[in-house]
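Asks: Supplied in structure tokens, the structure appears directly below.
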Amino acid sequence: MKIIIDTPEGIAEQAAAIYKEILDEKPNAVLGFATGSTPLDLYAELINLYKAGEISFKDVTTFNLDEYVGLEPTHDQSYRYFMDTNLFNHIDLDPESVHIPSGIDTSADALAGYDQAIAEAGGVDMQLLGIGCNGHIGFNEPGTPLESLTHVVELTQNTREVNARFFDSLDDVPTHAATMGIKTVMNARKLLLIALGESKADAIKATVEGPVTADCPASVLQLHPDAIVFCDEAAASKLSL
Ligand code: F6R
């Protein structure tokens, strides 16, 4: 695991440069994306690079980590809507190449079909990750088996409270989400995790310096051969580096 500490702006630039490297080498790369506040600067940077003619997503295939159960793709808090408005609508990505777990059809077939679609696309070249204050990646909350594939999870009260800022009230926050499993994430050839802010400091300490345990799902990144963890000073503040 490689740890890089930089400002939030510096992280967005460095991470975007990694996307450029990958796309220069493999224009039809398979990219795994994340939602939440953390990747917003990076997505803005990717849009800038696209508009400057430095990168193209024309031949790219994408797979997102997760989606709230019960939200239609058109719901303004769905992760599909988030990706469209914050990235996909601003780049030359073919809408046919976008994959996001369905929050409506969460049948066993649909969930298994997500892992199958990733495999058929040749696997994810690089998966972007944020991290929850409790160490979750995707919506794999503490206790999720490290061998899990795409599945439905019940969100913890803490995760719902943290995400309530995007909804009118806590009651409106869905109770469940469909998410890539920890094994699905680990199968990606490269992982890029970004952590910003003091609220992530404990989770980053456990991820980087703690034991590999389902109690902190992100700690599994220690076992990945090519994982980069970008932290700002606040998120890195509890590391003993
Ligand atoms: C989102 C996701 C989550 C978030 C995490 C951090 O697709 O999978 O794991 O990355 O909850 O969220 P933010 O970035 O809002 O702090």
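Asks: Scale the Cα Rg of region 195-241 by the rule-of-thumb value 2.2 N^0.38 Å and send over the ratio, two decimals. Numbers along the way, then the final one.
Replies: Numbers: Rg = 10.0 Å, N = 47, 2.2 N^0.38 = 9.5 Å.
Against the empirical 2.2 N^0.38 Å value, I get 1.05 for region 195-241.
Asks: Which order do the peptides 184-192, 11-19 take when ranked by the mean count of other beta-carbon atoms within 10 Å per residue, highest first? Walk me through the numbers before you get to the answer.
Replies: Numbers: 184-192: 21.2, 11-19: 19.1.
The most tightly packed comes first, giving 184-192, 11-19.
Asks: Now a separate question. Measuring from the lowest to the highest alpha carbon on each principal axis, how far does region 50-180 reach, largest first, in angstroms?
Replies: Extents along the principal axes: 43, 33, 26 Å.
Asks: Ok, one more. Beta carbons within 10 angstrom, averaged per residue: use that to sort the peptides 59-71, 144-156, highest first. Provide the component values of the computation, followed by the final result.
Replies: Numbers: 59-71: 21.8, 144-156: 18.1.
Peptide ranking by packing, descending: 59-71, 144-156.
Asks: Can you work out the FRET efficiency for the pair Glu209 and Lys183, with r the C-beta to C-beta distance and R0 = 30 Å, to the nearest 0.05? List each step's numbers first, then the result.
Replies: Numbers: r = 23 Å, r/R0 = 0.77.
Computed FRET efficiency for Glu209 and Lys183 comes out at 0.85.
Asks: With unit charges on the beta carbon (Lys/Arg positive, Asp/Glu negative), name the residue among Thr213, Gln157, Ile100 whose Cα is farthest towards the positive pole of the charge dipole of the chain.
Replies: Thr213
Asks: To check you understand DSSP bridge types, tell me what percent of the beta bridges within the chain (both residues inside) are antiparallel, rounded to 5.
Replies: Numbers: 9 of 30 bridges.
Percentage antiparallel, nearest 5: 30.
Asks: Find the Cα radius of gyration of region 140-236, compare it with 2.2 N^0.38 Å by division, and give the number to two decimals. Spell out each step's value before the answer.
Replies: On the way: Rg = 14.1 Å, N = 97, 2.2 N^0.38 = 12.5 Å.
Working it through for region 140-236, the quotient is 1.13.
Asks: Using alpha carbons only, what's the Rg to Rh ratio of region 96-157 with Rh from Kirkwood?
Replies: Radius of gyration relative to Kirkwood radius: 0.96.
Asks: Calculate for the chain the 222 nm mean residue ellipticity that helices alone would give, adding -39,500 (n - 2.57) per DSSP H run of length 4 or more and normalising by residue count, nearest 500 deg cm²/dmol. Provide the component values of the computation, followed by the final result.
Replies: Details: 7 runs with 72 residues, N = 241.
My calculation for the chain gives -9000 deg cm²/dmol from helical runs alone.
Asks: Right, next: So what's the convex hull volume per residue for the Cα atoms of the chain, in Å³?
Replies: Working: hull volume 26.9 nm³, N = 241.
Residue-normalised Cα hull volume stands at 112 Å³.
Asks: Mind checking the log10 I(q)/I(0) for region 1-67 at q = 0.14, 0.15, 0.16, 0.18 Å⁻¹? Debye, one equal scatterer per Cα, no solvent, two decimals.
Replies: Relative scattering, expressed as log10 I(q)/I(0), comes to -0.43, -0.50, -0.57, -0.73.
Asks: What FRET efficiency comes out for Asp94 versus Asp168 if R0 is 41 angstrom and r is the Cβ-Cβ distance? Round to the nearest 0.05. Please report the intermediate quantities before stating the final value.
Replies: On the way: r = 34 Å, r/R0 = 0.82.
Computed FRET efficiency for Asp94 and Asp168 comes out at 0.75.
Asks: A further question on this structure: Roughly what % antiparallel, to the nearest 5, for the DSSP beta bridges in region 1-136? The partial results should precede the final answer.
Replies: Working: 0 of 8 bridges.
Percent antiparallel among DSSP bridges in region 1-136 is about 0.
Asks: So the label point goes 7 Å from the Cα of Lys20 along Cα→C-beta, right? Which residues of region 55-84 then have their backbone N under 15 Å from it?
Replies: From region 55-84, the list is 55-57.
Asks: How big is the dipole moment of region 7-166 about its Cα centre under a simple scheme where the beta carbon of each Lys and Arg is +1, that of each Asp and Glu is -1, and everything else is neutral? Debye, nearest 20, please.
Replies: On the way: 7 positive and 26 negative charges, 59 e Å.
Once rounded to the nearest 20, the dipole reads 280 debye.
Asks: Using packing as a proxy for protection, rank 158-170, 210-222 so that the peptide with the highest average count of other Cβ atoms within 10 Å comes first.
Replies: Ranking, from highest mean packing down: 210-222, 158-170.
Asks: Size of the dipole of region 100-166 about the Cα centre, Lys and Arg at +1 and Asp and Glu at -1 on the beta carbon, nothing else charged, in debye to 20? Walk me through the numbers before you get to the answer.
Replies: Working: 2 positive and 9 negative charges, 67 e Å.
It comes to approximately 320 debye.
Asks: As a quick test, which of the pairs Lys2/Lys26; Lys2/Lys51; Lys20/Lys190; Lys26/Lys205; Lys2/Lys200; Lys26/Lys238 have an alpha carbon distance above 26 angstrom in this structure? Walk me through the numbers on the way to the answer.
Replies: Details: Lys2/Lys26 23 Å; Lys2/Lys51 30 Å; Lys20/Lys190 14 Å; Lys26/Lys205 34 Å; Lys2/Lys200 17 Å; Lys26/Lys238 37 Å.
From the list (Lys2/Lys26; Lys2/Lys51; Lys20/Lys190; Lys26/Lys205; Lys2/Lys200; Lys26/Lys238), the Cα-Cα distance tops 26 Å for Lys2/Lys51; Lys26/Lys205; Lys26/Lys238.
We did not get these values from a lab; they are worked out from the coordinates using the rules stated. Here the structure is a predicted model, which means the values were calculated and not measured. Quick reminder, even Gly has a Cβ in these numbers, built from the backbone with ideal geometry, and neighbours come from all protein chains shown.
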